[in-house]
Amino acid sequence: MQIVHSSRRGSRDIEHIGSAHDETQLAVLKSVARQRLAAGQGELDLGLDDSSDAGGPLEITSSRMGHLWDALCRGYDQLGFAEATGGDEVFRQLVLARIIEPTSKQDSLRVLDEVGVDAVSYPTVNRRLPQYAKAGWRQRLSAACAAHARLGPASLVLYDVSTLYFETDTGDGFRESGFSKERRLEPQITIGLLTDAGGFPLMVEAFEGNKAETLTMVPTIRSFMDAHRLPDVTVVADAGMISAANQRAIEDAGLSFILGARIAEVPYVVSEWRREHPGQEIGDGHVFCQPWPAGPGDRRRDQVIYYQYKADRARRTLRGIDEQVAKAVKAVAGKAPVKRNRFIHLAGETRTVNRTLEAKARALAGLKGYATNLTTSPDGAPVTAGFVIDAYHRLFQIEKSFRMSKHDLAARPIYHHKRESIEAHLTIVFAALAVARWIEDRTGWSIRKFVRTARRYRTIRIQAGDHTLTAADPLPDDLRHALKTIHAHPGAH
């Protein structure tokens, strides 16, 4: 039995312990060798000698997704939700569990258990849900979101609607059949979402499923302004949301707006340009400006309509026109059945191709209108075509929020049937969407990527005799950087 001492320089010292001729002598020499190796070294007493489990595996007393849960809690607290809800721990758990794994309220307790959080009981959840359905509860959350977004007079707000359907055959006055972008026939509800210019949620409202989308915008915006005492906001909405009555209501309310403008006829400024430039193609990105001053009897501000021409938009539109006209020609010639086609003109038994409509459609190809009554932007600078068009294109942010709420957060209330429970569910989804957008803004990661990555790294506690040891999986550099960004001081981002 020998002990070999070596160093990094390659030198070795050999210490001879003795020779053994049987197993007993070998065991004695090993014991002596271990004592000499441990000479002068302290030994941590784990209190295992008297334990009946000595030599067995150590007990893991807790295991939690500490990095993920702490990061989500950081976002929840930074948005002011803890203060807005009076420290309601049930609401916090339901909101954050929905981000981690959207499922039923009852199954959320299983998610929390996997996270390593002491979850509340299911009866407690049911007792608290009616509170979350109240308008005052959602208004406090909305106020916290508005404070985080730092809204002020004339701030840009985006508005859009979507629908959530229910797997039932009969309506109940709230869940009703109506226009569905997904072309579904089941009863549904209409959801109106108001966000800031970056897509951060400010307010959500639920309406009857058979209520026209255009009738939801003004009540939602007026409610938001009244709740937060805002004298004016700049509404940005898609052309599909704007009926003539809606625009009049916006103007009557004295609101500023940037709206998508429907183009029914070739605008005068475009016709004049083409008359002055015969045979010349409009340059890609060219913007036409058409002022629309208010008359003496008009109850509105002066407006400006910008028409932008995009070559790629024109190419796609013209291709669609060519396809529709070709189908119309075949239908008129009796070579194909007559289907819904805007280029087919029917006069009794006579069918013709509407060439006048075709010419107008081709003349409008590539043009998109943007109407505004703004004269200055929120920072005080004069409004330009670039500002108006860029603000309108920010609508993709609210579309992203809708996608997140529908897919990442599973907003469709599958397990709810009464209006009170549906409203409570939407409140939880609204808060979860706000936290998710906060995480994305801080890290630059999608919320799906962040949850999928962070949930793999757990912190565990091990009981070793009288001692509790803490161990954690090593973090990859990208996740460590993301967590550092989340926990940094808000002003450091």
#### Entry: G260, sole failed condition from (1) at pLDDT 85 or above; (2) farther than 21 Å from I191 by Cα
(2)
### Message
Quick check on this structure: which one of P413, P476 is farther than 24 Å from A147 by Cα and modelled with pLDDT of 90 or more?
### Response
P476
## Note on the structure
The residue that is nearest to V388 (Cα to Cα), considering only those in segment 204-225 that are modelled with pLDDT of 80 or more and open to solvent by 30 Å² or more (accessible area, probe 1.4 Å), is R222
### Message
Whether any residue in segment 270-286 is over 30 Å from A361 (Cα atoms), open to solvent by less than 40 Å² (accessible area, probe 1.4 Å) and not aliphatic (A, V, I, L, M) is what I want to check.
### Response
no
### Task
Check whether at least one residue in segment 189-203 is of a type outside the set (S, T, N, Q), free of Cβ contacts under 8 Å to residues at least 40 places away in the same chain, more than 19 Å from K134 (Cα to Cα) and surrounded by 16 or more Cβ atoms within 10 Å (Cβ to Cβ), and report yes or no.
no
### Message
Any residue in segment 66-77 that is closer than 11 Å to R92 by Cα sitting within a Cβ distance under 7 Å of a residue that is open to solvent by 10 Å² or more (accessible area, probe 1.4 Å) and small (G, A, S)? List the pairs, counting only those 6 or more apart or interchain.
### Response
Y76/A82
### Query
Looking at segment 331-350, is at least one residue of a type in the set (G, A, S), in contact (Cβ under 8 Å) with a residue 12 or more places away in the chain, open to solvent by less than 30 Å² (accessible area, probe 1.4 Å) and touching a helix residue (DSSP H, G or I) at 6+ places or on another chain (Cβ under 9 Å)?
no
### Query
So is S256 hydroxyl-bearing (S, T, Y) and open to solvent by 50 Å² or more (accessible area, probe 1.4 Å) or not?
no
### Message
Go through (1) small (G, A, S); (2) over 20 Å from A135 (Cβ atoms); (3) within 21 Å of the chain's Cα centre (by Cα) for A212 and report which single condition fails.
### Response
(3)
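The values are calculated or read from the model by the stated rules, or taken from the named source; none is laboratory data. Bear in mind the structure is a predicted one, so any value in this text is a computation, not a measurement. Please note: Cβ atoms are built from the backbone with ideal geometry, for glycine as well, and neighbour counts cover all protein chains shown. Ligands, DNA and RNA are excluded from the accessible area calculation, which covers all protein heavy atoms including side chains. Shrake-Rupley method; radii C 1.70, N 1.55, O 1.52, S 1.80 Å.
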